[in-house]
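Reviewing the structure listed below.
None of the figures in this text is laboratory data; all of them are computed from the coordinates on show. Quantities reported herein were computed from a predicted structural model and do not represent experimental measurements. Here the Cβ positions follow ideal geometry from the backbone for every residue, glycine too, while neighbour counts run over all protein chains shown.
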Amino acid sequence: MFFKDIHIRIRLFFVIVIILFLVIIGKVVYIQVFEYDKLKELSSDLWSRNLPVEGNRGIIYDRNSVILADNVTTTSLVLIPNQIKEKDRAIKELSKILGISEEEMSKHVNKKTSIERVHPEGRRLSFDIADKISALNLEGVYLIKESKRNYPYDKNLSHVLGYVGIDNQGLSGLELQYNEYLTGEYGSIKYFSDAKGNKLKLSEIYEQPQDGVNMMLTINNEIQMSVERELDNAVMKYNAEKALSIVMDPNSGEILAMSSRPNFSPSNYKKYTIEEINRNLPIWMNYEPGSTFKIITLATALEENLVDLEKEHFYDGGSVRVANAKIKCWKKGGHGDQTFLQVVENSCNLGVNTATHTNLKKML
């Protein structure tokens, strides 16, 4: 009886061991097969680091594919503080090259972070400065590719195009209005490091950035340049404080050119006042149409067959009284007898007023 109980206990023990063994195998299989991707991603986050690579901002073209806004390649300074072994040298040399104090540079070099972007002094550096930094051969000091907005025609169309900030974000004009589409997506250079931040000798992984969407405008750059030239001439000739111009295709309503004075250089927007860079006068400023509206008044009269341009005459004596108001012609003494075609040619205030009055009277 005693030996029989021992055999039962031994068998029960082996059954329990086998069950536990199967559970462990099942858990391992589950982790390796079903949880593999999740756990791999979590572990990768612990020892992988990304150096950001910026995508190019979308190019802006005129209607004939002339480039109005594009990008030039620059570099920016990024530090991996834990990898910098020669910290004192790094602080001294980098502060000298960037033109900042050693105290300020020390904050970047000794910052408790995995990746430190030196901002704004280390952003979008010239090639000369980038070459000096590269020549230092300092561990933990990296130069990464970034793009800088470029406007080939400088001040031309500046208020329409707008400008971008240090992070390539649109701040005014079309750059702001369509920033969501023009902005690219970041890629990265992924490298691997241990818990202390030391770089491991493993192959780096490059994730390509995505460029922003290109944009084509209705603007005709040849017409735009003509408008810019004539506005400059007008300002110089009349010493004007402001000048503005819009060229529109009357058949489609498309804007072919738009500009105003004062204008600004989008690449150097910080040198201008807020009013100069943020006010697109042709669509912002209130301005009386004046004599330009006369053609609309006469066109309406012609459309309704109320006035004959060549057969009907009007005598301009220099002034006319309407109700309690006295309307004067811009020409002292008036234009005398004239056809309504001459009224248009002479931009006669009284003739157009008469056409308007006749138009309303007959329509009523």
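Here are the numbers for this structure:
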item	result
Residue order, fewest to most beta carbons within 10 Å, for SER147, SER114	SER114, SER147
Least to most buried among PHE340, PHE34 (fewest other Cβ within 10 Å first)	PHE34, PHE340
Theoretical FRET efficiency, 1/(1+(r/R0)^6), r = Cβ-Cβ of THR73 and TRP284, R0 25 Å, to 0.05	0.10
Exposure proxy order (Cβ contacts within 10 Å, fewest to most) of SER76, SER134, SER252, SER245	SER252, SER134, SER245, SER76
Long-range HN-HN contacts of ILE219 with modeled amide H, under 5 Å	ARG63
R0 of 41 Å, Cβ-Cβ distance GLU276-THR339: FRET efficiency to nearest 0.05	0.30
Rough spin-label spacing in nm, given labels placed 7 Å along Cα→Cβ, for GLN208 and ILE295	5.1 nm
Kyte-Doolittle mean at least 0.0 and Cα axial length at least 18 Å: DSSP H helices in the chain	2-33
Long pairs among LYS87/LYS270; LYS155/LYS271; LYS294/LYS326; LYS155/LYS270, criterion Cα-Cα beyond 24 Å	LYS87/LYS270
Separation in nanometres of the label points that stand 7 Å from Cα toward Cβ, at SER114 and LYS87	2.1 nm
Scattering profile of the stretch 62-130 at q = 0.21, 0.25, 0.29 Å⁻¹ [log10 I(q)/I(0), Debye over alpha-carbon scatterers]	-0.87, -1.14, -1.36
Bridge type composition, the chain - antiparallel percent by DSSP, nearest 5	95 percent
Label selected from [x] 21.5, 71; [y] 37.0, 143; [z] 25.6, 84, the criterion being Rg and Dmax of the Cα atoms in Å as computed here	[y]
Part-to-part distance (alpha-carbon centres) for the stretch 218-258 and the stretch 74-147, which is given in Å	45 Å
Projected-area average for the stretch 290-363 over all orientations - Cα convex hull basis, square nanometres	4.7 nm²
Where trypsin sites (Lys or Arg not before Pro) fall in DSSP loop in the stretch 270-351, at most 12 other Cβ within 10 Å	LYS311, LYS332
Mean separation of Cα contacts under 8 Å (6+ apart) over length of the stretch 290-363, as relative contact order %	36 percent
Formal net charge of residues neighbouring GLN224 (Cβ-Cβ distance under 15 Å; K, R +1; D, E -1)	-4
Computed lengthening from SER65 to ARG229, 0.36 nm per intervening residue step minus Cα-Cα distance	56.9 nm
